[in-house]
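Notes to accompany the following structure.
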Amino acid sequence: SEPRKPIIAGNWKMNLNHFEAILLVQKLAASLTEPQLTEVETVVIPPFTALRSVQTAIEGDKLALGLGAQDVSKHPSGAYTGEISGGMLAKLNVSYVLVGHSERREYHDEDDVLVNGKVKAAFAVGLTPILCVGEGLVTREEGTHVAHCTNQVQAGLAGVKAEHARQVVIAYEPVWAIGTGKTATPEDAQEVCKAIRVKLAELYDGEVAEAVRIQYGGSVKAANIASIMAQPDVDGALVGGASLEADEFASIVRFRE
Ligand code: PEP
């Protein structure tokens, strides 16, 4: 099987208006060469209100930068005030969408059934979901974090066929490490990412398991990315806070150098 291409994605969360977003993309483009941006697939995930501006900046300057959204409705269209459909995102040349980020699960009561609906809604319009899973501190201390995360993967992919499952990106993000400055050790990240791959082999087959890219997320910085990426089952990173600084994010993308 072909080696998995690393994927580094920057989740900007609820930060930056659309002018600030264009500025950040331009700074990022100035800090990274085209080979750097393509050898490691690099994706920015702005808020909805900045997607159109960022898309225009990417296309206008022919930047080798991927575009993602932070959420998607499980519905294709209709009377769902305030929601954004996958079709609307696809029309903006969005390629990726975060599904089940811990902040959505925690502050918007998203459960595995809803997350599964969003995963399916994304695939239905050709978007690639970045399915986020991860345990809280209590689960980690109880020692049931591996089962917690593999169960979230199984539930998130329920009813998803192999041809789609092989395209999914999974982000393992221990909730206790998100925005806290606490990073999982590379060994902790590897333990769960490996278990997720084993689960994918069980749910589908070895070919799907080897194809799926699994990211680590949780206080990733330029200073810790190399040791995390050195783990065999970690194929990338989902970066929050550090993705808002062009130089820091560019250094993360250059983790091999
Ligand atoms: C995230 O938002 O997915 C994340 C990992 O945030 P941070 O890098 O700030 O911990």
Assuming R0 = 25 Å, can you tell me the calculated FRET efficiency for the pair T144 and H108, based on Cβ-Cβ distance, to the nearest 0.05?
0.55
If contacts are Cα pairs under 8 angstrom and at least 6 residues apart, what is the relative contact order of the chain in percent?
22 percent
Mind telling me which of G240, G126, G134 comes out most flexible in a GNM of the chain, alpha-carbon contacts under 10 Å?
G126
With unit charges on the beta carbon (Lys/Arg positive, Asp/Glu negative), name the residue among A177, Q152, V192 whose Cα is farthest towards the positive pole of the charge dipole of the stretch 134-236.
A177
For the stretch 131-143, in residue order, the Karplus 3J(HN,Hα) values (coefficients 6.51, -1.76, 1.60; θ = phi - 60°; whole Hz; Gly and Pro = x) are 7, 9, 9, x, 9, x, 5, 4, 5, 4, 5, 6, x
With each run of n ≥ 4 DSSP H residues scored as -39500 (n - 2.57), what mean residue ellipticity at 222 nm is computed for the chain after dividing by its residue count and rounding to the nearest 500 deg cm²/dmol?
-13500 deg cm²/dmol
Calculated SAXS-style log₁₀ I(q)/I(0) at q = 0.17, 0.19, 0.23 Å⁻¹ - the stretch 132-184, Debye, Cα scatterers
-0.58, -0.68, -0.86
Does the stretch 1-93 come out rounded, prolate or oblate by the C-alpha gyration tensor, with a ≥ b ≥ c the root eigenvalues, rounded set by a/c under 1.5 and, if not, prolate when a/b is larger than b/c and oblate if not?
oblate
Bin by bin, in steps of 5 Å, what percent of the Cα pairs in the stretch 134-236 do you find, going until the bin that has the longest distance?
2, 14, 25, 24, 18, 11, 5, 1
Roughly speaking, what % of Cα-Cα pairs in the stretch 103-146 are separated by over 14 Å, rounded to a whole number?
59 percent
Identify all aspartates and glutamates with a Cα-Cα distance to K5 below 17 Å; exclude those on the same chain that are fewer than 8 residues away in sequence.
E34, E39, E41, E207, E210, D233, D235, E257
Based only on Cα atoms, what mean projected area does the convex hull of the chain have, in nm²?
12.7 nm²
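Read-outs throughout are calculated quantities, based only on the coordinates presented, and are distinct from any laboratory measurement. Note that the structure is a prediction, hence the values are computed from the model and not measured. All Cβ positions, even for glycine, are placed from backbone atoms using ideal geometry, and neighbour counts span all protein chains on display.
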